[in-house]
Amino acid sequence: MASALPPYASAGQRAWFYSFRVICGLIFFFLIFPVLIIIPLSFNAEDFFTFTPKMLALDPEGYSLKHYRDFFTNPDWQSAMWNSFSIAPVATIFATAFGTLAAIGLSQSNMPFRSAVMALLISPMIVPLIISAAGMYFFYSRIGLQGTYWGVVLAHAALGTPFVIITVTATLVGFDQSLVRAAANLGANPVTTFFKVQMPLILPGVVSGALFAFITSFDEVVVVLFLGSAAQKTLPWQMFTGLREQISPTILAVATLLVAISIALLTTLELLRRRSERLRGMTPG
């Protein structure tokens, strides 16, 4: 194995080699255990947030799909789910388009104040979310977008755009700009050059940024609380309300479904990262 210790390693090196892996395992367990614990709890046959004696005894009667049935039959949860799936994809489209164009512009060496513009565009990732939400509330209320569908969409697009900028910019680092000049010499206009030359090569970065933007919009709750109305109550908002006003174990079932969606999206990101490395010749095909 390439990662195995060489035979001439000292005792200290061997101790650090195994200690480092134990520390990493403990950190991983600390981070992932709170997420994994909700999965079996979501199958609780009782309306509790704790393991019942029957569950601990692995009694089939202690497990049930009642909370999942409640999620798929309760009109409040279904309305929130459809609101999330109607807002997040549109916000992702805006964020991907704006972020990709911004990243291409920032990749140009002759762009003035590039560092300042980059810092400004990624500021939504740095500024505390509550401050961004409050600022958006006062701004959108003045232009009539507060409490509207498009107000929430544009706010989520603003939060997702920095992720697209960062991933596409990272992809453009290895992009050969001579390909753009060659396409222009052959008579291609900028639009054709973008879709025929640039986009196929930076597509993994664009898709990765779009997935991050989608996750950001789908999981966001603070901005929706400030800008949304009852008609824009999303799934995270419904979960937040459920924790504050009525302790419903259905939240565990919803959380488990969201974990499954996140795992699927992260798996897609990893596959795209490997594809991008193969396209750039960083790993063998």
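Of note:
- Within the stretch 165-201, considering residues that are among the polar types (S, T, N, Q) and within 22 Å of the chain's Cα centre (by Cα), the one farthest from ASN110 (Cα to Cα): THR167
- Scanning the stretch 161-178 for residues that are surrounded by 19 or more Cβ atoms within 10 Å (Cβ to Cβ), among the hydrophobic types (A, V, I, L, M, F, W, C) and touching a Leu at 6+ places or on another chain (Cβ under 8 Å) returns a single hit, ILE165.
- When the stretch 221-232 is filtered for residues that are surrounded by 20 or more Cβ atoms within 10 Å (Cβ to Cβ) and free of Cβ contacts under 8 Å to residues at least 60 places away in the same chain, nothing remains.
- Matching residues in the stretch 57-72 - criterion: being in a loop (DSSP other than H, G, I, E, B) and within 24 Å of LEU258 (Cβ to Cβ): SER64, LEU65
- Per the conditions (1) part of a helix (DSSP H, G or I); (2) free of Cβ contacts under 8 Å to residues at least 60 places away in the same chain, the sole criterion not satisfied by SER109 is (1).
For (1) of a type in the set (Phe, Trp, Tyr); (2) farther than 24 Å from PRO236 by Cβ; (3) surrounded by 14 or more Cβ atoms within 10 Å (Cβ to Cβ); (4) touching a Leu at 6+ places or on another chain (Cβ under 7 Å), each residue gets a yes or a no:
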| site | (1), (2), (3), (4) |
| --- | --- |
| PHE98 | yes, no, yes, no |
| LEU101 | no, yes, yes, no |
| ARG114 | no, yes, yes, yes |
| PRO124 | no, no, yes, yes |
| ILE131 | no, no, no, no |
| PHE138 | yes, no, no, no |
| ALA155 | no, no, yes, yes |
| LEU159 | no, no, yes, no |
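- Within the stretch 7-56, the set of residues being in a helix (DSSP H, G or I), surrounded by 13 or more Cβ atoms within 10 Å (Cβ to Cβ) and either touching a strand residue (DSSP E or B) at 6+ places or on another chain (Cβ under 9 Å) or among the charged types (D, E, K, R) (or both) comprises PRO40, LYS54, MET55.
- The sole residue among ALA116, ALA80 that is in a helix (DSSP H, G or I), free of Cβ contacts under 8 Å to residues at least 24 places away in the same chain and over 15 Å from VAL173 (Cα atoms) is ALA116.
- Set LEU203, LEU235: member being surrounded by 22 or more Cβ atoms within 10 Å (Cβ to Cβ) and at pLDDT 80 or above: LEU235
This table checks each residue for (1) part of a loop (DSSP other than H, G, I, E, B); (2) among the aromatic types (Phe, Trp, Tyr); (3) more than 28 Å from SER115 (Cα to Cα).
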residue: ILE131; (1), (2), (3): no, no, no
residue: LEU145; (1), (2), (3): yes, no, yes
residue: ALA157; (1), (2), (3): no, no, no
residue: THR171; (1), (2), (3): no, no, no
residue: MET199; (1), (2), (3): no, no, no
residue: LEU211; (1), (2), (3): no, no, no
residue: PHE226; (1), (2), (3): no, yes, yes
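The values are calculated or read from the model by the stated rules, or taken from the named source; none is laboratory data. In this text, all values refer to a predicted model and were calculated from it rather than measured experimentally. When we count neighbours, we look across all protein chains shown, and the Cβ atoms used for this are built from the backbone with ideal geometry, even at glycine.
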